[in-house]
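Undergrad: Before I ask anything, here is the structure I am working with.
We did not get these values from a lab; they are worked out from the coordinates using the rules stated. The structure displayed is predicted, hence computed values, not measured ones. Every residue, glycine as well, gets a Cβ built from its backbone with ideal geometry; the counts of neighbours run over all protein chains shown.
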Amino acid sequence: MIMINRILIFTVTFFVFGFAQAQTKKWTLREAVQYALDNNITVKQTELDMENTKISKKDAFGNFLPSINANTSHQWSIGLNQNITTGLLENQTTQFTSVGVNANMLIFDGLRNFNTLHRANLAILANQLQLDKIKDDISLLVVNSFLQIVFNRESLNTLLYQNQVTEEQVQRTTELVEAGAAPRGDLLDIQATNATEKQRIIAAENTLKLSKISLAQLLLIKDYENFEIQDEEFLIPPPDMLAQNPGEIFESAKELRSEIKLAEANVDVAEKDLAISRGASYPTISLFYNYNTRASSADIFGGVLPDTENPFSQIGFVEGTNERVLTPNFNRFTVGPENLIDQFTRNDGHSIGFQLSVPVFNGFQTANSIKRSKINLERAKNQLEQDKLDLESNVYQAYFDAESAYKSYEAAQRAFEARTLAFDYSQERFNVGLMNAFDYLQAKSALETAESEVIRSKFDYVFKLKVLEFFFGIPFDKL
């Protein structure tokens, strides 16, 4: 019964573990690069900068359109105040409402609007080039990290295979020692080598784990334990690119690389900034239009009626008869306020005109702005030249690095082939007792070193050739 339970537990564990392993995503190189480009924080920040430049372009375009503003006010006036409708002083509490609309349109401002719009377009281009450069750098970084994992994995597999050979020799030497056909010292030497290889395998496994964690962190993936890459075979690419002259690669890079285009765009932006600064020294002409109207809640004059209580007032005497001269008395009366719509219609007013503003003196602000723009333009030009020099240096460095890496790989391959033949010969001699364990282990160690160097030089050449092709303008998806 206990045995059946153990078998059942083992079976369930096996299937659960196998299902979990099947669910673990294995990343291909292209998937890793695309995921990094989609989730990298620097890329996202640059994309937000791109949105800002697009908004700035809308601002620049909006400068060509008129500005229209509406205003209104409502106030309470208590005490002796002038009625804004009748113009009379009245001691009362009234309410006043005014409504207005004004429009202003810039006609000429030293072409600053045109230059600002052009600058906004250039800024969008510069941001796009900056984004492309960042994506290129991230792509190469992911490729390097991915290849590092593959290199560490192949190195580990090589150690595992060599250790398997060593363990077979441990078993064989043990049988020979027990049969008295080999000295015990040979067995001890091989066992020590086996223990050393076990240590190297542990170190290689740790190095492989660290390289996976490094790539996972680059991709912003937190599940380090389950992060795994696809088993991809990286063949040795032909050295066709090395047949190119590095000068030709540099000339191609100048036309295609985003860092040079970005520097050129920055020069164009600086030139527009200078034009905008100079535009501030020109007069500005604008067209304006205003509309205003008002209304009051105060009672208005309705007319006059005879004064029934005091119908006449004496204003003098007739000469000679002394007869009084009388005049009729009248009382003014008011009626409720006029309809608001009628008041707004009657009290409205319009004004239209041009405004000319000529800059005379503003504390050297315009002159200093022009000087700063000239300095920034020179800096942008200098940066362009520096970027060209840096690109030329990087291209030549990448070319000679790739050339050296290819030669190193060829040399390592020849050395490995020679060491393989030497080890096969040493193994045959050791198996028949014509070579001691020390010399055998020396030959085996030399073979392991040669094989490790082939793996190292292989991936060093692959990556450096990809860098050179990148400078030549080959898109990543075609590398």
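Undergrad: Rank-order 236-247, 376-387 by packing density, defined as the average count of other C-beta atoms within 10 Å over each peptide's residues, highest first. Show your work: numbers first, answer last.
TA: Working: 236-247: 13.3, 376-387: 15.1.
Top to bottom by mean Cβ count within 10 Å: 376-387, 236-247.
Undergrad: Order these by the 10 Å Cβ neighbour count, fewest first: 293, 28. Intermediate results must be reported in sequence, preceding the final value.
TA: Values: 293 17, 28 13.
Listed from fewest to most nearby Cβ atoms, that is 28, 293.
Undergrad: Give me the angle, in degrees from 0 to 90, between the Cα long axis of helix 437-471 and the longest principal axis of the Cα atoms of the chain, rounded to the nearest 10.
TA: The answer is roughly 30 degrees.
Undergrad: Beyond 11 Å, how much of the Cα-Cα pair distribution for region 32-81 remains, as a whole percent?
TA: The share of Cα pairs beyond 11 Å in region 32-81 comes to 79 percent.
Undergrad: Something else about it: Using Cα atoms only, what is the angle between the long axis of helix 246-256 and the major principal axis of the chain, expressed in degrees (0 to 90) to the nearest 10?
TA: 30 degrees
Undergrad: Taking the alpha-carbon distance from residue 381 and a cut-off under 20 Å, which aspartates and glutamates remain once sequence neighbours fewer than 8 residues away in the same chain are dropped?
TA: Output for residue 381: 251, 255, 259, 264, 268, 271, 273, 390, 392.
Undergrad: Return one number: the angle in degrees, 0 to 90 and rounded to the nearest 10, between the long axis of the Cα atoms of helix 2-23 and the longest principal axis of the Cα atoms of the chain.
TA: Between the helix axis and the principal axis of the chain, the angle is about 50 degrees.
Undergrad: Further question on the same structure: What ranking of 277, 452 emerges when the number of other C-beta atoms within 10 Å of each C-beta is taken as an exposure proxy, fewest first?
TA: 452, 277
Undergrad: Amide H of residue 229 versus every other amide H placed in the peptide plane: which residues, excluding those fewer than 5 positions away on the same chain, fall under 5 Å?
TA: 27
Undergrad: By per-residue mean of other Cβ atoms within 10 Å, what is the highest-first order of 346-359, 137-150, 456-469?
TA: With the highest mean Cβ count within 10 Å placed first, the list reads 456-469, 137-150, 346-359.
Undergrad: If you bin the C-alpha pair distances of the chain every 20 Å from 0, what whole percents do you get?
TA: Pair shares across the bins are 14, 26, 21, 15, 11, 7, 4, 1, 0.
Undergrad: Report, by chain and number, residues whose modeled amide H sits under 5 Å from the one on residue 307, excluding near sequence neighbours (fewer than 5 apart, same chain).
TA: Residues meeting the criterion, in which the H sits 1.01 Å from N, are 329, 330, 331.
Undergrad: For region 38-54 and region 337-408, what is the centre-to-centre distance using only Cα atoms, to the nearest Å?
TA: Taking the Cα centre of region 337-408 as reference, the centre of region 38-54 is 20 Å away.
Undergrad: How high is the relative contact order of region 157-223? Use alpha-carbon pairs under 8 Å, at least six apart in sequence, and give a whole percent.
TA: Once divided by the residue count of region 157-223, the mean separation gives 32 percent.
Undergrad: Taking θ = phi - 60°, what integer Hz values does the Karplus form 6.51 cos²θ - 1.76 cosθ + 1.60 yield along region 151-165, in sequence order, with x for Gly and Pro?
TA: Running phi through 6.51 cos²θ - 1.76 cosθ + 1.60 with θ = phi - 60° gives 4, 5, 5, 5, 5, 5, 4, 5, 4, 5, 5, 4, 5, 4, 4 Hz.
Undergrad: Output wanted: per-residue J couplings in Hz (rounded whole) for region 130-144, from phi through Karplus 6.51 cos²θ - 1.76 cosθ + 1.60, θ = phi - 60°, x for Gly and Pro.
TA: Karplus values, whole Hz, x for Gly and Pro: 4, 5, 4, 5, 4, 5, 4, 4, 5, 4, 5, 5, 5, 4, 4.
Undergrad: Could you give the nm distance between label points at residue 390 and residue 213, where each point is 7 Å from its Cα heading toward the beta carbon?
TA: Modelled inter-label distance: 3.2 nm.
Undergrad: Next up: Divide by every residue of the chain the summed helix terms, -39500 (n - 2.57) for each DSSP H run of at least 4, and state the resulting mean residue ellipticity at 222 nm, rounded to the nearest 500 deg cm²/dmol.
TA: Details: 10 runs with 299 residues, N = 479.
Calculated at 222 nm, the ellipticity per residue is -22500 deg cm²/dmol.
Undergrad: If the limit is 18 Å between Cα atoms, which of 407/466; 254/388; 25/135; 25/466 go over it?
TA: Long pairs (Cα-Cα over 18 Å): 25/135; 25/466.
Undergrad: Here's a follow-up. Normalised by the number of residues in the chain, what is the relative contact order in percent for Cα pairs under 8 Å and 6+ residues apart?
TA: Computed value for the chain: 21 percent relative contact order.
Undergrad: Here is a follow-up. Which order do 108, 151 fall in if you start with the one that has the fewest other Cβ atoms within 10 Å?
TA: Going from least to most buried by this count: 108, 151.
Undergrad: Show the residues, 5+ positions off or on another chain, whose built amide H is closer than 5 Å to the amide H of residue 108.
TA: Here the answer is 285, since their amide H atoms fall under 5 Å of that of residue 108.
Undergrad: Rank 471, 408, 430 by how far each Cα sits towards the positive end of the charge dipole of region 359-476 (+1 on Lys, Arg Cβ; -1 on Asp, Glu Cβ) and give me just the farthest.
TA: Projecting each Cα onto the dipole axis, the largest value belongs to 471.
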